[in-house]
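Written below as structure tokens is the structure these notes are about.
The values are calculated or read from the model by the stated rules, or taken from the named source; none is laboratory data. Values in this document were obtained by computation on a predicted structure and should not be read as measured data. Every residue, glycine as well, gets a Cβ built from its backbone with ideal geometry; the counts of neighbours run over all protein chains shown. Side chains are part of the model used for accessible areas, which takes the heavy atoms of the whole protein and leaves out ligands, DNA and RNA. Shrake-Rupley method; radii C 1.70, N 1.55, O 1.52, S 1.80 Å.
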Amino acid sequence: MTHLQAGLSPETLEKARLELNENPDTLHQDIQEVRDMVITRPDIGFLRTDDAFILRFLRARKFQHFEAFRLLAQYFEYRQQNLDMFKSFKATDPGIKQALKDGFPGGLANLDHYGRKILVLFAANWDQSRYTLVDILRAILLSLEAMIEDPELQVNGFVLIIDWSNFTFKQASKLTPSMLRLAIEGLQDSFPARFGGIHFVNQPWYIHALYTVIRPFLKEKTRKRIFLHGNNLNSLHQLIHPEILPSEFGGMLPPYDMGTWARTLLDHEYDDDSEYSVDSYSAPAKELEKDLSPKSMKRSQSVVDPGVQKRLDKNEEENMQPLLSLD
């Protein structure tokens, strides 16, 4: 074991070897091979290329050198292309802070039985008058940056549960193709995290419809990791034990405290509430939500087609089946 693996338990070391092809004897060579590729992309400013940083990209791509480098390049390219998102990329930024305090994201105290961190989002908590969807995405990315420092999570990964209870059609209408594209690029294509499962619960029909819009733009690997549970929490419990879930998800623990993770990041500044509204948010950042017109994704005239609900009802049984194959 090298010093780069010092934070891993014996069980996780074995998992890294079996599932990720991580070999302590060749670890430094693997890292150097990825680092040597940096010169092939002079258009990108690689702000970090130290061993520990590159290692998380190798783990995210199972030590496939070229795929790890591609992810590394996309990580920095995404930040270069969306500079406004990262100008004030810290927990005390007003928009990020408000999103964090409303549980975007939340993090459960207990890991699942695969050692994965469970992130939770309660979609209806979004207060449109105080922060934007871009702020929510920034808060999620900032949180992942903090969490991915843990080498155990680099190997074991994350699970995401999104509760759509009481998420209104008006809120859903803000989930434009451009906003969804920004999120997909930031989370699926540009971040070195292993997501073992994405669970939708209590989703209304228009979220089903929205998923059908974005599904073609998700990688096959991502699609296989998405569950649409609806109101069937029993199917959720088959994959995430109720003993570690809060009561909102039919679990045995008390209701989730939305400020849990925010207090971790903000510490003593959690209760420092300076006056803030979405109108005070920087204009360039707000424009991200309006003007990112993806050429690869057709805009629909509305979030849903009125005929979609009928088709969804017909396929309700199929939609409720898990789409995830754990590996």
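So PHE227 fits all but one of (1) under 20 Å from the mean Cα position of the chain (by Cα); (2) more than 20 Å from GLY115 (Cβ to Cβ); what number is the exception?
Tallying (1) under 20 Å from the mean Cα position of the chain (by Cα); (2) more than 20 Å from GLY115 (Cβ to Cβ), PHE227 fails exactly one: (2).
For the range 182-202, which positions are open to solvent by 20 Å² or more (accessible area, probe 1.4 Å), closer than 16 Å to GLY230 by Cβ and touching a helix residue (DSSP H, G or I) at 6+ places or on another chain (Cβ under 8 Å)?
ILE198, PHE200
Got at least one residue in the range 115-122 being open to solvent by 30 Å² or more (accessible area, probe 1.4 Å) and either closer than 24 Å to GLU248 by Cβ or without any contact (Cβ under 8 Å) to a residue 60 or more places away in the chain (or both)?
Yes.
Just give me the residues in the range 79-106 being touching a helix residue (DSSP H, G or I) at 6+ places or on another chain (Cβ under 6 Å), of a type outside the set (D, E, K, R) and surrounded by 18 or more Cβ atoms within 10 Å (Cβ to Cβ), in sequence order.
MET85, ALA91, GLY95, ILE96, ALA99, LEU100, GLY103, PHE104, PRO105, GLY106 - these are the residues of the range 79-106 that are touching a helix residue (DSSP H, G or I) at 6+ places or on another chain (Cβ under 6 Å), of a type outside the set (D, E, K, R) and surrounded by 18 or more Cβ atoms within 10 Å (Cβ to Cβ).
Say we look at the range 252-267 and pick out the residues that are out of contact with any strand residue (DSSP E or B) (no Cβ under 7 Å at 6 or more places or on another chain) and assigned to a helix (DSSP H, G or I); which of these is modelled with the lowest pLDDT?
The residue in question is ASP267.
Does at least one position in the range 94-105 carry a residue that is of a type in the set (S, T, N, Q), in contact (Cβ under 8 Å) with a residue 60 or more places away in the chain and outside any loop (DSSP other than H, G, I, E, B)?
The answer is yes, given that some residue of the range 94-105 is of a type in the set (S, T, N, Q), in contact (Cβ under 8 Å) with a residue 60 or more places away in the chain and outside any loop (DSSP other than H, G, I, E, B).
So which residues in the range 12-34 are open to solvent by less than 50 Å² (accessible area, probe 1.4 Å), charged (D, E, K, R) and under 25 Å from the mean Cα position of the chain (by Cα), if there are any at all?
Passing the criteria: LYS15, GLU22.
So that you can scan it fast, the table gives a plain yes or no per residue for (1) of a type outside the set (Lys, Arg); (2) out of contact with any Phe, Trp or Tyr (no Cβ under 8 Å at 6 or more places or on another chain):
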residue	(1), (2)
ASN82	yes, yes
LYS87	no, yes
LYS90	no, yes
ALA99	yes, no
PHE104	yes, no
ASN110	yes, yes
HIS113	yes, yes
LYS117	no, no
